[in-house]
Amino acid sequence: MQYRNMKLPMNADKGSLSVIGSSSLEVKCDLALLNLSVISQGPILEEVSNENSRISNDLLISLNNYGISNNDIHNENIFVTRNYDNNNELSSYKVTKTIVINVKDFSKLNDIYSLAIKNGANGDMNINFILSNPSYYYNKALKHASQDALVKASLLAKNFGVKYNPIPHKIQENSSSLYSITYPSSNYNYYPNLAPSFAKITAEVQAIFTTYPY
């Protein structure tokens, strides 16, 4: 925070008081992203691709039957890799399909994990914990940051012996909801009874007030 007197053309007695208000919240993540993959390999690309599609579809059906909505299942990407032998000749193809499942009820994670393995998920499996509505918590932190700026302005004006207009003439949001939320851990290799992590949300505003001498 900083305080400075400004020489203004209209009134030399006016000054400005600039403060930075900040706030930080820690919130337990309420959404798990379970990342699965189905891998198929073989010498003929069309057959490998068809097999991968069949297994992936069976997996999706099993997830639907368990009660997971299609809105919570995302088919992310399909990758095709060429494998070569020691003579640098094409020997086989590998097709990998990645699937992400949104899980809100963490008590079901173990069941979903077992179900996925049973129905063809044979690649790497990991999990990320995030917030389902990060904007809500960022706005909450932003409100607290604004209140922090008001408290600091009042304290500084009193300590420096000046009057001030409590309505700032300039306000700037220094943080952003896109970049102010930190998930401390991600891409865990999945293991049973994994506990959700906490997200940290920070917000910062700058407010400039007009001051007057007593």
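The values are calculated or read from the model by the stated rules, or taken from the named source; none is laboratory data. Model, not experiment: these values are computed from the prediction. Every residue, glycine as well, gets a Cβ built from its backbone with ideal geometry; the counts of neighbours run over all protein chains shown.
Quick look at the values:
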| item | result |
| --- | --- |
| Which numbered condition K118 fails, given (1) of a type in the set (K, R); (2) touching a strand residue (DSSP E or B) at 6+ places or on another chain (Cβ under 9 Å); (3) farther than 19 Å from V27 by Cβ | (2) |
| Which listed residue is out of contact with any helix residue (DSSP H, G or I) (no Cβ under 8 Å at 6 or more places or on another chain), part of a strand (DSSP E or B) and under 15 Å from C29 (Cα atoms), from N128, N102 | N128 |
| Any hit, the range 64-77, residues being surrounded by 13 or more Cβ atoms within 10 Å (Cβ to Cβ) and touching a residue at least 40 places away in the same chain (Cβ under 8 Å) | yes |
| Conditions (1) closer than 17 Å to L36 by Cα; (2) touching a strand residue (DSSP E or B) at 6+ places or on another chain (Cβ under 6 Å); number of the one not met by A157 | (1) |
| Every residue from the range 152-176 that is part of a strand (DSSP E or B), over 16 Å from L142 (Cα atoms) and either outside the structural domain of I208 (by TED's automatic domain parsing) or β-branched (V, I, T) (or both) | V162 |
| Some residue of the range 28-49 being outside any strand (DSSP E or B), touching a helix residue (DSSP H, G or I) at 6+ places or on another chain (Cβ under 8 Å) and loosely packed, with under 13 Cβ neighbours inside 10 Å | no |
| Odd one out for S62, checked against (1) within 20 Å of F129 (Cβ to Cβ); (2) of a type in the set (S, T, N, Q); (3) part of a helix (DSSP H, G or I) | (1) |
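Yes or no, residue by residue, for (1) more than 25 Å from the chain's Cα centre (by Cα); (2) among the basic types (K, R); (3) surrounded by 15 or more Cβ atoms within 10 Å (Cβ to Cβ):
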residue	(1), (2), (3)
K108	no, yes, yes
K118	yes, yes, no
F129	no, no, yes
A149	yes, no, yes
N159	yes, no, no
P166	yes, no, no
S176	no, no, no
E204	no, no, yes
